[in-house]
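What follows is a set of notes on a single structure, which appears directly below.
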Amino acid sequence: MAQTQKVDDLSFWFPTEVVEEGRVEFLVPKLKAFVKEAWEYAPSKAPVFYNPAMELNRDLAVLALQTYQRLAKRELVACEPLAGCGVRGIRFAREVEGVRKAVVNDISSDAARLAEFNVNMNGLADKVVVDNKDANFLLSGYAAPRKRFDYVDVDPFGSPVPYIDSALRALRNGGLLALTATDMAPLCGVHAKACLRKYGGKPMRTDYCHELAVRLLIGCLAMLAAKHDIGVTAVFSYSDYNYVRTYAIASYGAKQADNSVQKMGSILHCFSCFHREDQSGLTSPLRRDCPECGSRLQVAGPLWLGSLWDEEFCVMLGSEARLKSLRNKIKILKILSLITGEIHAPITYYAIDKLCDKFNLPVPSLSKVIKGLTEAGFQAVATHFNSKAVRTNASATILKVALTRFAEVSGSRMQEAI
Ligand SMILES: C[S@@+](CC[C@H](N)C(=O)[O-])C[C@H]1O[C@@H](n2cnc3c(N)ncnc32)[C@H](O)[C@@H]1O
Ligand SMILES: [Zn+2]
């Protein structure tokens, strides 16, 4: 733990407490003081936002920024335009080698004061600048050449979309943009209209809706970036808890933008037999009927069909995670290990429990399904998106036949069932 300065927290009108995360200590509103009922969600009740449940999100941000710095091999300037109590930006300054400066900002004056307090408490006043503006206004002030950031981390309430344009304008060529989206009801298809409105793509309530959510988010980013002649490459994406998150590198140039737009398309899904397929492009007519059972196909998109991950980035992220002492280290390494297996696997996954439920079959263990499919010559891997799901190039029909026979010959090996 780094040396912290003696603090006088009497200057805040709300009750506070000191907490520890990563290699920093900082002052936050005493969350318990803001809940009257057990079911209430304290972070949103407190005068300044701090959610301890997002520690893993911040840990991964520290690791991703360090990975990016090692690849970029230069000193970095980072920006957190919606910072709450400032913990994320303060962690960047303290825990990431090569961060020269971090700008942390929040529209709330209480938040900005608390962030300033926390910067001083950690002795980082020479590295972390605190501001108190609207995020878009702040970012616009850094949009000119040579003023731009190497890294912008947009971690808002709900959707990051209102901030993407100005974040892109404030990002240098080759810079890294991180986006958190917690508006899972729109992105997972519960509020489809809101998703179409905000992200420009239609969601779908499928067993793989979390992957669709990430693809809708990156698709929205790619289309907004294309308007500025900027291409995007997603290097790391995941879902956890109540959010999805992506890290993407922005590359200036019309050609780069065109390359990103070419990675847009749709995912077609059959709710009768679970068949799904992707269709590239934004303009070609979509297939209407399921090639496996003839039912009408439903569509999600336009969304990102390109990769969600860059292999080198993810491997380096894993190496950084192994070196660090983090409270969430085991969970982070598990997520990273699953993602490493997913990078080259087919798009979308099948939730085995949902499939078995629909077809009234007993649910076999995921490891048995993966083993059986692999031994039968199919690609089959687990996914971090869902602990009961498999990514495979076996069709929905083959999977159904296999699960049915597997149930019939229960006790025998999956391979024999196939
Ligand atoms: C989810 S919290 C940020 C959490 C923080 N990133 C972290 O890792 O702990 C979102 C923050 O955005 C701030 N905010 C909301 N609208 C804003 C705006 N237009 N400009 C700047 N900050 C804003 C809120 O005051 C809140 O502190
Ligand atoms: Zn079908």
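One table, with the values for the structure above:
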| read-out | value |
| --- | --- |
| Beta bridge orientation in the chain: antiparallel %, DSSP, nearest 5 | 70 |
| No Cys partner within the rule (Cβ under 4.7 Å), the chain | CYS79, CYS85, CYS195, CYS220, CYS314, CYS356 |
| Relative packing of peptides 127-139, 360-372 - highest average C-beta neighbours within 10 Å first | 127-139, 360-372 |
| Highest average packing first - 307-316, 204-213, Cβ atoms within 10 Å | 204-213, 307-316 |
| Rounded if a/c under 1.5, otherwise prolate or oblate - segment 297-418, Cα gyration tensor axes | prolate |
| Overall form of segment 225-363 per C-alpha gyration tensor (a/c, 1.5; a/b vs b/c) | oblate |
| Three-way shape label, segment 94-186, alpha-carbon gyration tensor, a/c 1.5 | oblate |
| Relative packing of peptides 377-388, 148-159 - highest average C-beta neighbours within 10 Å first | 148-159, 377-388 |
| Summed residue charge, Cβ within 15 Å of VAL35's Cβ, Lys/Arg positive, Asp/Glu negative | +1 |
| Bins of 5 Å, starting at 0 and running to the largest distance - Cα pair percent for segment 125-280 | 2, 9, 18, 21, 19, 14, 9, 4, 2, 1, 0, 0, 0 |
| Debye intensity ratio I(q)/I(0), log10, the chain, q values 0.06, 0.08, 0.12 Å⁻¹ (C-alpha model) | -0.27, -0.47, -0.99 |
| Normalised per residue, the volume of the convex hull around the Cα set of segment 195-282 (Å³) | 99 |
| Proximal charge balance of SER140 [Cβ under 13 Å; K/R count +1, D/E count -1] | +1 |
| Amide H contacts under 5 Å for VAL128, placed H, 5+ residues apart | ALA102 |
| Whole-percent pair-distance distribution, where bins are 10 Å wide, for the alpha carbons of segment 5-142 | 13, 42, 35, 10, 1 |
| Segment 265-311: trypsin sites (Lys or Arg not before Pro) in DSSP coil with no more than 12 other Cβ atoms inside 10 Å | ARG288 |
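Laboratory data are not the source of any read-out in this text; all were calculated from the coordinates shown. Since we're looking at a predicted model, the values are computed, not measured. Virtual Cβ from ideal backbone geometry, glycine too; neighbours counted across all protein chains shown.
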